[in-house]
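Quick notes on the structure that follows.
The values are calculated or read from the model by the stated rules, or taken from the named source; none is laboratory data. For clarity, every value in this text was computed on a predicted model and none was experimentally measured. Don't worry about glycine lacking a Cβ; one is built from the backbone with ideal geometry, like all the others, and counts go over all protein chains shown.
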Amino acid sequence: MNITFDYDDAPTLLDFAQSDARIRGIRGPLGSGKSSACTIEIAQRGMAMPRMQDGVRRSRYAVIRNTFTELRDTTIRTVHQWMPPQYFGKFVESKHSYMIKGLAPATEIEVLYLALDRPEDISKLLSLELTGAWINEAREVPWAIVEALQGRIGRFPPVSNSGPYWHGIWMDTNPPDSDSAWYRFFEKQAWLPSFQQAQREGKMGPSMRPEEYAAQFVQPSGASDEAENLRNLKQGYYNELAIGKAKEWVKIYIEGDYGFIAEGKLVYPEYSDRIHCQAVDPVAGSPIIRSYDWGLTPACALSQMLPDGRWLVFDEIVSENMSADEFIQNVNEHCNKAFNGQVTFEDYGDPAGSQRAQTDKRTCFDIAEAQGIKIEPSIQDPKLRQEAVRKTLRTLVNGEPQFILHPRCQVLRKGFLGGYKRRRLQVPGVERYSEQPDKTIHSHVHDALQYGMVQYFAPALTNAPREDDYPDFGSGYDYAAEASRSEYTGY
Ligand SMILES: Nc1ncnc2c1ncn2[C@@H]1O[C@H](COP(=O)(O)OP(=O)(O)OP(=O)(O)O)[C@@H](O)[C@H]1O
Ligand SMILES: [Mg+2]
């Protein structure tokens, strides 16, 4: 059984396949053949491996997706469509591993499928010995994962057994937004100064040009004459797709350009940028409320209960890959600079932070306390937490909105405008959304905010109607109209 993959209709994907860069990214419109090309990469790289001492070419790749459902329904499906297990090897569903032996004689390629919403997958990822890794729909995956993976690739097979071989990370994605980590990495080349320094200091082994380290492959617009993969799409695919879509949507999904759009169901349809986003600064005399979310991407929201009962969120501290220790240090530095020691703080955190880390016997609360911050564990119940925020979004105090968000809180703001959302579930005929919001760069600081607000607004809520009892604004919510009504131009 052979696989034939034709690049004739997709020169960008051919360039991608011919590049040996350590970190490669494909960005392109919907249906442009990205995931297929990334799948073929596993086969190509696996077959090009040197033989180990026993004569077998072995390699191991992680295939990563943000959620388990999407991993199962999309990513695994694509891989198995190109390399069906009945012809090429053995897929062990319980372990999410696919051992491919049928591509060429004496060639063994192990594929490990991992989803970021499964904690067991994350801890596994951090200890894997890999040849390489593919991140599917990379804009949904925190950059911390890309960074962690860099230490895991080129580890299998051991060079002592096989000699040197190509290793690397490749990613494909629909366009992320223009202040994403992807944008900073591939467009701004944020890594270049440290790359150059490492080269100057001779710390990187064989010398490498920057384009051998990172390369982005950008596919042309689906609406252009150069559109790729048209041959494998139904006639008029992009034209039909564009019908009735907002300009921003077309720009991202058809033209393949950077952009930002709300998808799924907003967690807070009550938020109005025009009403709630105001440049109000904290006042002297009331405590500063800092609330924290832990995990791979710790975040902190800084709020204040104003004397008239309004809740002001005036700042946020977010991270992409940081230990709790480092993060707390950042919070301290930030607050020392901002408040000059003249204020009192109240601190609330995700109660899950009281679990001890595997690497370190201390909890996040211990770590913070060692740096002088005493944090109260807050309330876990996600619905109650969200409802605490929602309540203030709906309430007026002396004719003013009870909730105020300072525009400097960019991540929270984007979350309110659409980044913090519940995913549409693939249930035929009915419109249903995931119970919990998707874990995205916007969700962590929103969680953080809730841990603070739930302390103030939860008690009154326990008998109040829950979110489900409110009219369903979400699915019909016109994000584009809201954005154009408001002054918001921040993307
Ligand atoms: N070289 C090829 N030969 C035959 N069919 C192909 C080829 N490349 C892609 N296809 C088919 O085109 C369709 C779209 O491909 P694919 O899913 O890889 O695109 P994508 O860019 O990942 O799409 P999405 O943006 O939806 O994730 C699929 O049905 C796939 O099987
Ligand atoms: Mg795809």
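Worth pointing out:
- Some residue of the stretch 18-33 being hydrophobic (A, V, I, L, M, F, W, C), in contact (Cβ under 8 Å) with a residue 12 or more places away in the chain and away from ligand 1 (no atom under 12 Å from the Cβ): yes
- Residue among 204, 208 that is surrounded by fewer than 14 Cβ atoms within 10 Å (Cβ to Cβ) and of a type in the set (A, V, I, L, M, F, W, C): 204
- Within the stretch 219-245, tally of residues that are surrounded by fewer than 16 Cβ atoms within 10 Å (Cβ to Cβ) and in contact (Cβ under 8 Å) with a residue 60 or more places away in the chain: 2
- Every pair of residues 6+ apart whose Cβ atoms lie under 9 Å, when the first sits in the stretch 47-74 and is more than 19 Å from residue 36 (Cβ to Cβ) and assigned by TED's automatic domain parsing to the domain that holds residue 156 while the second is in a helix (DSSP H, G or I) and of a type in the set (Val, Ile, Thr): 59/42
- Residues that are buried (at least 22 other Cβ atoms within 10 Å of the Cβ), of a type in the set (S, T, N, Q) and in a loop (DSSP other than H, G, I, E, B) do occur in the stretch 361-378.
- Residue selected from the stretch 55-86 under the condition over 19 Å from the mean Cα position of the chain (by Cα) and basic (Lys, Arg), by the criterion farthest from residue 167 (Cα to Cα): 77
- Only listed residue being outside any helix (DSSP H, G or I), farther than 25 Å from residue 189 by Cα and within 16 Å of ligand 2 (Cβ to nearest atom), chosen from 25, 55, 31: 31
The rows are residues; the columns are (1) over 25 Å from residue 141 (Cα atoms); (2) crowded, with 18+ Cβ neighbours inside 10 Å.
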position	(1), (2)
45	no, yes
49	yes, yes
53	yes, no
58	yes, yes
65	no, yes
68	no, no
79	no, yes
92	no, no
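- Residue 111 away from ligand 1 (no atom under 12 Å from the Cβ), closer than 27 Å to residue 187 by Cα and of a type in the set (A, V, I, L, M, F, W, C): no
- Test result for residue 320, touching a Pro at 6+ places or on another chain (Cβ under 9 Å), within 16 Å of residue 411 (Cα to Cα), touching a residue at least 12 places away in the same chain (Cβ under 8 Å) and of a type in the set (D, E, K, R): yes
- Where residue 228 falls short, out of the listed (1) at pLDDT below 90; (2) within 15 Å of ligand 1 (Cβ to nearest atom); (3) assigned to a loop (DSSP other than H, G, I, E, B): (1)
- Any hit, the stretch 87-94, residues being farther than 30 Å from residue 225 by Cα, in contact with a Pro (Cβ under 8 Å, 6 or more places away or on another chain) and part of a strand (DSSP E or B): yes
- Among the residues making up the stretch 168-182, none is more than 13 Å from the chain's Cα centre (by Cα), modelled with pLDDT of 90 or more and surrounded by fewer than 20 Cβ atoms within 10 Å (Cβ to Cβ).
- You will find that of 22, 72, the residue that is under 21 Å from residue 147 (Cα atoms) and modelled with pLDDT of 95 or more is 22 and no other.
For (1) part of a loop (DSSP other than H, G, I, E, B); (2) out of contact with any Phe, Trp or Tyr (no Cβ under 7 Å at 6 or more places or on another chain), each residue gets a yes or a no:
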residue	(1), (2)
222	yes, no
238	no, yes
245	yes, yes
258	yes, no
279	yes, yes
286	yes, yes
296	yes, yes
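- Filter result for residue 141 (within 16 Å of ligand 1 (Cβ to nearest atom), over 11 Å from residue 63 (Cα atoms) and not small (Gly, Ala, Ser)): yes
- Qualifying helices (runs of 4 or more DSSP H) (wholly inside the stretch 109-173; at least 3 residues being more than 17 Å from residue 71 (Cα to Cα), without any contact (Cβ under 8 Å) to a residue 40 or more places away in the chain and not small (Gly, Ala, Ser)): none
- The residue that is farthest from ligand 1 (Cβ to nearest atom), among those in the stretch 119-138 that are surrounded by 22 or more Cβ atoms within 10 Å (Cβ to Cβ) and within 17 Å of the chain's Cα centre (by Cα), is 133.
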